[in-house]
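> Sharing a structure below in structure tokens format, with a few things to ask.
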Amino acid sequence: LGVISTAQIGWREPDFYEKPFEANFRAIEKEIKKARELAKGGVLGVNIMVATQRYEEYVKSAVKAGIDIVISGAGLPIDLPKYVEGSKTKIAPIVSSLKSLTVICRMWERKYQTAPDLVVIEGPKAGGHLGFQESVLENIENIDFDAILCGVIDSKKPYEEKYTKKIPVAAAGGIFDRQDIDHVLSLGADAVQIASRFVVTKECDASD
């Protein structure tokens, strides 16, 4: 699953500094189309932060462009099901604890009679906007990510039964090599999310 970040995605557009939102919405469509051609049938997703201004429009732009799945963190994507209504786009919350997943699942069930299509559980070693307090991260070795991951895997089972669908769980944060992958898969994760590992590749557009 290839994932495109929508954070300031339109920075190459000529009017980005004058009309950043319009440039970003336009770029979402362009980048998805470009990735679609390169992926040759592969599955594509976008990562859209809930904290983003005009979040709903970002999601709807990606849905209009035919994205397969929207992955959302940096806040609780409470109304994400509403924004993809009537489309084939699947939805996945990013969570850092069993508590946050429980809140999302209960809200989605009550308001939209649905459940996540995928859950990404980010541990304390993940980059970006984490659901851990700074004081907790200062003692990172005391955080039992394995226990958090297993709790999330167990908690989604009732929703799988109720909605008769598989809800894969992807583990993220500190997944660096084959050994790390094997470890989380042995705990019951279905997939891993890897980001930082690819920053050093020649394909990455980050500055040398």
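> Going by accessible area, probe 1.4 Å, with all protein chains left in place, what is the ranking of Val70, Val199, Val50, largest first?
Largest accessible area first, the list is Val199, Val50, Val70.
> Keeping all protein chains in place, calculate the accessible area per residue for the stretch 66-138 (probe 1.4 angstrom), answer in Å².
Using a 1.4 Å probe on heavy atoms only, each residue of the stretch 66-138 averages 47 Å².
> Roughly how many percent of the accessible protein surface of the chain is carbon and sulfur, given a 1.4 Å probe and a whole-percent answer?
Its accessible area is 52 percent carbon and sulfur atoms.
> What do you get for GluC sites (Glu not before Pro) in the stretch 107-194 restricted to DSSP loop and a cutoff of at most 10 other Cβ within 10 Å of the site's Cβ?
Qualifying residues, ordered by number: Glu138.
> Count neighbours as other Cβ atoms within 10 Å of each site's Cβ, and list the chymotrypsin sites (Phe, Trp or Tyr not before Pro) in the stretch 1-87 that are DSSP loop with at most 15 such neighbours. If you can, show how the numbers build up before the last one.
Numbers: sites: Trp11, Phe16, Tyr17, Phe21, Phe25, Tyr55, Tyr58, Tyr83; in loops: Trp11, Phe16, Tyr17.
Those that pass, being in a loop and sparsely packed, are Trp11, Tyr17.
> May I ask you to list the trypsin sites (Lys or Arg not before Pro) in the stretch 5-36 that are in a DSSP loop and have at most 14 other Cβ atoms within 10 Å of their Cβ?
Arg12
> Another one. Can you compute the FRET efficiency between Phe132 and Asp15 using 1/(1 + (r/R0)^6), with r the Cβ-Cβ distance and R0 = 30 Å? Round to the nearest 0.05. Provide the component values of the computation, followed by the final result.
Working: r = 38 Å, r/R0 = 1.26.
Rounded to the nearest 0.05, the efficiency is 0.20.
> At a Förster distance of 22 Å, what's the computed FRET efficiency of Tyr112 paired with Ser155, Cβ-Cβ distance as r, to 0.05?
Working: r = 18 Å, r/R0 = 0.84.
Here the calculated transfer efficiency is 0.75.
> Using the Cα centre of the chain as origin and beta-carbon charges of +1 (Lys, Arg) and -1 (Asp, Glu), tell me which of Ile48, Ser97, Leu187 is placed farthest towards the positive end of the dipole.
It is Ile48.
> Hey, another quick one. Restricting to DSSP H runs of at least four residues, report the calculated mean residue ellipticity at 222 nm for the chain, -39500 (n - 2.57) per run over all residues, nearest 500 deg cm²/dmol.
After summing the helix terms and dividing by residue count, I get -11000 deg cm²/dmol.
> Right, another one. Which entries of Lys33/Lys60; Lys30/Lys166; Lys60/Lys90; Lys34/Lys125; Lys60/Lys157 have Cα-Cα distances beyond 20 Å here?
Lys30/Lys166; Lys34/Lys125; Lys60/Lys157
> Same structure, new question: Would you please give the residues with an amide H less than 5 Å from that of Asp68, counting only those at least 5 places away or on a separate chain, with H modeled from the backbone geometry?
Distant-sequence amide H within range of Asp68: Leu44.
> Each label point is 7 Å from the Cα along the Cα-to-Cβ direction; what then is the distance between the points at Glu22 and Leu185, in nm?
4.8 nm
> In Å², and per residue, what accessible area does the stretch 141-208 have when probed at 1.4 Å with the other protein chains present?
Result: 66 Å² per residue.
> Residue by residue, what Karplus-based ³J(HN,Hα) values in Hz, rounded to whole numbers, does the stretch 23-37 have, using 6.51, -1.76 and 1.60 with θ = phi - 60° and x for Gly and Pro?
Once rounded to whole Hz, the list reads 5, 5, 4, 5, 5, 4, 5, 5, 5, 5, 4, 5, 5, 4, 5.
> Would you mind getting me the FRET efficiency between Asp177 and Val43? Use the beta-carbon distance for r and R0 = 22 Å, nearest 0.05.
0.40
> Let me ask something else about it. I need the phi-derived Karplus couplings for the stretch 193-199: 6.51 cos²θ - 1.76 cosθ + 1.60, θ = phi - 60°, integer Hz, Gly and Pro marked x.
Per-residue couplings from phi come out as 10, 10, 10, 4, 4, 8, 5 Hz.
> So what J values fall out for the stretch 81-92 if you push phi through Karplus, 6.51 cos²θ - 1.76 cosθ + 1.60 with θ = phi - 60°, rounded to Hz, Gly and Pro as x?
Taking θ as phi minus 60°, the curve returns x, 5, 6, 10, 3, x, 10, 8, 5, 8, 10, 9 Hz for the stretch 81-92.
The values are calculated or read from the model by the stated rules, or taken from the named source; none is laboratory data. If you're wondering where the values come from, they're calculated on a predicted model, not measured in any experiment. Backbone-built Cβ (ideal geometry, glycine too); neighbour counts: all protein chains shown. We work out accessible area using only protein heavy atoms, side chains counted, and drop any ligands, DNA or RNA first. Shrake-Rupley method; radii C 1.70, N 1.55, O 1.52, S 1.80 Å.
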